[in-house]
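**Q** Take a look at this one; I'll ask things after.
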Amino acid sequence: MTLNIKQLTIKQAHELLVTKKMSVLELVEATLKEAEASRGLNAYLEIFDDVRTQAEVAQKMIDEGCATFLAGIPFAMKDNILIKGKVASASSKMLENYVATYDAFVTKKLRDAGAVFVGRTNMDEFAMGGSTENSAFGVTKNPHDKTRVPGGSSGGSAAALAAGAALAALGTDTGGSIRQPAAFCGVVGLKPTYGSVSRSGLIAMASSLDQAGPFAKTVEDAEIIFDCIKGHDPMDSTSYPDNFPRKDFKKPKVIGVPTEFIRAKGVDPRVLQNFETALEQMKKAGYEVREISLPSLALGLSVYYILMPAEVSSNLARLDGVRYGYHADSTNLLEDYMRSRGEGFGCEVRRRILLGTYVLSSGYYDAYYNRACAVRETLRDGFTKAFEEVDIIATPTTPTPAFKIGEKSQDPLQMYLADIFTVPVNIAGVPAISIPSGVVEEGGSKLPLGIQFIAPNFMESALFAAGKDFEKVRDSNII
Ligand code: GLN
C-alpha cells in the first residue's frame, strides 16, 4: 500500500498494523525513504543500522497479539537521550564518540512498548540554544522553509517528524526546547510536569529544569507517548511516586490569558493576531477566556538565565577530558583540562559555563544565584494563585515564527528573548503543550505558529482535553 507518512498519525498507523493492512517493515521502509529524501535538512545525525531488526521484534509483538499503541512506530530520538550501544553525543565534539552503556528510562519504556528507533537527531550542543545552530555537526533546516531554523534545541526531532522521517519523536525541554521547535515546525510538543518523566539516562543540561517529552502530529498522539514514558523511576530522585496524590481530572473551562505580558514589546503582530483568533475559536468551543495578571512571568527569563547556567556549569564539570569524552594532550593536568574543554565545547556552551561559574562564585552567589532561587518561588506562587482562578493559561508559544538561519546567531541576547513564553513554565515546573495554531506567509513560505497551553502540576489531562478541542475548532489554514 502507498503510505502518506507525512499525514499518518500514530493512532492510524496502529490501526493499520493491528488489522494487518500494513506490516511494521512497510512502515519502517516508508519512513526510511522519507528520511533519505529529507537528508538535506540534517535532521538526523545518524540513521541506525538495526532499524529493520527492531521492526522484526515489533512485528512479533503485533503477531502475538500483545501490541501496544507504540508497537512498530518509528521514533526519532534526540541525541542527548541514551540508547544502549548507540552514540549519544549531545551534538558536541566533546561526546562525539561516546557510546551509551545503558538505556535511558524513556528509551526503555519505548523499547518495551515496541517502538522502533530510526536514528538520533541533531540538536543545539548540550541542548543550549533555540535554533539548532549551536550543534557541532551543522545546522538543521526547517522543512517548511530551508532558509530558516527549525527551532531548538530539539530542532532535529521536530524537523524529522514534520518531514515525515519519523511518526513520533522525543526531545528534552529545559526552557522551551520541545515547544519552540514544535511551534516552528508545525507539530505538537509537550513539556510534562517536572518529575513526571524520569531524567535517568538523559544527558543533563540544567537538572532542576530538564524534562523529556514527546513530539507528535496530534494531541492524541502526544498523549499516547506521554502515557508510555511517564512513571516513577527510583534512579531519578526527583521522579514522583506513582501514588503521589493528584487532583482528579476536571475538564478545563476557563482559560487565563496574561494579556499584559503577551503584549510586551517584541512580539510579532502576526503572532498576536493569530493568538487572538485562536482564543476566539476556543470561545466558540465553549471556553471562557479571562484576562489574568501574572506580573512575575516577566521575571522568568532573567531567573532562567541565572539558574540554568549555574546548573550547566556544575553538570558539565564532569566533562574534563580525563574520565570520558574528548581529550587533548598537553603539558600538565591543568593544561589538559583547559585544552580538552576549550576544544571539545563550542562557543555557546563555554559562554554558559563561564556565566554559571560567575553567578556561583563566592562573591556573587548571594546576589545572583540565591536571589534567582527566591524569585523562582515568587513565580511558582504566581502560577499557583492564577490556577485558583483559571483552569489553564494560554500564551503564544514563541514571539515570532521561525527566523532565518544566521539571523540571531551572532546576538545571544536576541536568541534568549525568543524563549520569553516558554521558560517561566520550566521555572515553575508545570506542564505545557504547544499546538499548531496557523501559519503566516513570508517570502513564499508558510511558516507555522503555535499556541501554548499551561496547566497546574500533573494536569496534563487538562492540556490534552483543551488541545483536542482546539484541534477541532482551529482555522483550517494549517500545515
Ligand atoms: N532556548 C533555551 C536555551 O537556549 C532552551 C533550551 C532548552 O530547553 N534546552 O537555553
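**Q** Full extension from Val57 to Thr2: what is 0.36 nm times the residue separation minus their Cα-Cα distance, to one decimal in nm?
**A** Length gained between Val57 and Thr2: 17.5 nm.
**Q** Along the positive direction of the dipole of the chain (beta-carbon charges: Lys, Arg +1; Asp, Glu -1; about the Cα centre), which of Ser409, Val267, Phe69 reaches farthest?
**A** So the residue we want is Val267.
**Q** Considering the zone a paramagnetic label at Lys472 would reach in this model (a point 7 Å from Cα along the Cα-to-Cβ line), which residues of region 283-318 have amide N under 15 Å from it?
**A** Output list for this probe position: 283-288.
**Q** A further question on this structure: How big is the charge dipole of the chain about its Cα centre, in debye rounded to the nearest 20, if each Lys and Arg gets +1 on its Cβ and each Asp and Glu gets -1 on its Cβ?
**A** Value, rounded to 20: 380 debye.
**Q** Among all stretches of the chain without exposed GluC sites (Glu not before Pro) (DSSP loop, at most 16 other Cβ atoms within 10 Å), which one is longest?
**A** 97-479
**Q** Under a Cβ-only charge scheme (Lys and Arg +1, Asp and Glu -1), can you give me the dipole magnitude of region 305-349 about the Cα centre, in debye to the nearest 20?
**A** Taking the Cα centre of region 305-349 as origin, the dipole is about 100 debye.
**Q** Counting only DSSP beta bridges with both residues in region 1-154, tell me the antiparallel percent, nearest 5.
**A** Beta bridges within region 1-154, antiparallel portion: roughly 50 percent.
**Q** Quick one: which residues, 5 or more positions from Val289 or on another chain, have an amide H under 5 Å from its amide H? H modelled 1.01 Å from N in the peptide plane, none for Pro or chain starts.
**A** Counting only residues 5 or more places away or on other chains, the set is Ile255.
**Q** Further question: Can you give the accessible area of Ser153 in Å² (nearest 10), computed on protein heavy atoms with a 1.4 Å probe?
**A** Near enough 0 Å² of accessible area.
**Q** Below 8 Å between Cα atoms, with a sequence gap of 6+, how large is the relative contact order for region 155-239 in percent?
**A** 32
**Q** A further question on this structure: With all protein chains present and a 1.4 Å probe, how do Thr218, Thr147, Thr121 order by accessible area, largest first?
**A** Thr147, Thr218, Thr121
**Q** As a test, work out the antiparallel percent of DSSP beta bridges whose residues both lie in the chain, rounded to the nearest 5.
**A** 70
**Q** May I pose another question? How many angstrom separate the Cα center of region 414-435 from the Cα center of region 46-81?
**A** Between the Cα centre of region 414-435 and that of region 46-81, the gap is 31 Å.
**Q** Which of the three applies to the chain, rounded, prolate or oblate, going by the alpha-carbon gyration tensor with a ≥ b ≥ c and a/c under 1.5 meaning rounded?
**A** rounded
**Q** Which of rounded, prolate or oblate describes region 412-454 when judged by the alpha-carbon gyration tensor and an a/c cut-off of 1.5?
**A** oblate
**Q** May I ask you to rank Asp210, Asp63 by accessible area, largest first, using a 1.4 Å probe over the protein chains only?
**A** Most to least solvent-accessible, the answer reads Asp63, Asp210.
**Q** If each DSSP helix of 4+ residues adds -39,500 (n - 2.57) and the sum is divided by the residues in the chain, what number results at 222 nm, nearest 500 deg cm²/dmol?
**A** -11000 deg cm²/dmol
**Q** Determine the shape class of region 1-117: with a ≥ b ≥ c the square roots of the Cα gyration tensor eigenvalues, call it rounded for a/c under 1.5, and otherwise prolate if a/b is greater than b/c, oblate otherwise.
**A** oblate
**Q** Could you check how much of the accessible area of region 134-270 is carbon and sulfur, as a whole percent, using a 1.4 Å probe?
**A** Reported share for carbon and sulfur atoms: 56 percent.
**Q** What distance in nm separates the two pseudo spin-label positions at Lys283 and Cys347, each 7 Å out from Cα along the beta-carbon direction?
**A** 4.7
**Q** Continuing with the same structure: Ignoring ligands, DNA and RNA, what accessible area per residue does the chain give at 1.4 Å, in Å²?
**A** Each residue of the chain exposes 39 Å² on average to a 1.4 Å probe.
**Q** Could you compute the FRET efficiency for Glu335 and Ser207, with r as their C-beta to C-beta distance and R0 at 25 Å, rounded to 0.05?
**A** My answer for the efficiency is 0.25.
The values are calculated or read from the model by the stated rules, or taken from the named source; none is laboratory data. Note that the coordinates shown come from a computational prediction; the quantities given were computed from them, not determined experimentally. Cβ sites come from the backbone with ideal geometry, for glycine too, and all protein chains shown count toward neighbours. Heavy atoms of the whole protein, side chains included, go into the accessibility calculation; ligands, DNA and RNA do not. Shrake-Rupley method; radii C 1.70, N 1.55, O 1.52, S 1.80 Å.
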